[in-house]
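Here is the structure we will look at.
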Amino acid sequence: MVVGVLGILVVLKFVSSVVSKLLLVAVFAGVIWLGFTQRDSLSACIAKIQARVEQGDTSDITCSFFGRDVTVEIPFNLPGG
């Protein structure tokens, strides 16, 4: 009887450890996926900013990240410009 209870406790400890590790892997995978899905938006925003700077346009630009609009202010006195 005691051996059975100890065996169950050992199995529960093992299962708890495995579940904790799987949850941690799932959280990391979610963060990586979110970053990867926003990669194209970030690249497009950088390209738009670079194009405006090359044209000498210093007006603000709006980019979209995670479904939200973010306004990027381009400084008037850019280095090297």
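The values are calculated or read from the model by the stated rules, or taken from the named source; none is laboratory data. The structure presented is a predicted model; accordingly, all values stated were derived computationally and were not measured. In this analysis, Cβ positions are derived from the backbone assuming ideal geometry, glycine residues included, and neighbour counts consider all displayed protein chains.
Residues in the stretch 25-47 that are of a type in the set (Ser, Thr, Tyr) and under 22 Å from residue 60 (Cβ atoms) were compared, and the one that is surrounded by the most Cβ atoms within 10 Å (Cβ to Cβ) is 41. For the stretch 27-81, a residue qualifies if it is part of a helix (DSSP H, G or I) and either in contact with a Ser or Thr (Cβ under 6 Å, 6 or more places away or on another chain) or in contact (Cβ under 8 Å) with a residue 12 or more places away in the chain (or both), and the qualifying residues are 34, 41, 42, 44, 45, 48, 49, 52, 53. Looking only at the stretch 58-68, which residues are at pLDDT below 90 and either loosely packed, with under 12 Cβ neighbours inside 10 Å or on the phi > 0 side of the Ramachandran plot (or both)? The answer is 59, 60, 65, 66, 67, 68. From 6, 42, 23, grab the single residue that is over 12 Å from residue 74 (Cα atoms), modelled with pLDDT of 90 or more and of a type in the set (A, V, I, L, M). Exactly one of 6, 42, 23 is over 12 Å from residue 74 (Cα atoms), modelled with pLDDT of 90 or more and of a type in the set (A, V, I, L, M), namely 23. Report yes if residue 31 is of a type in the set (Val, Ile, Thr) and at pLDDT below 90, otherwise no. Here the answer is no, as residue 31 does not meet what is asked.
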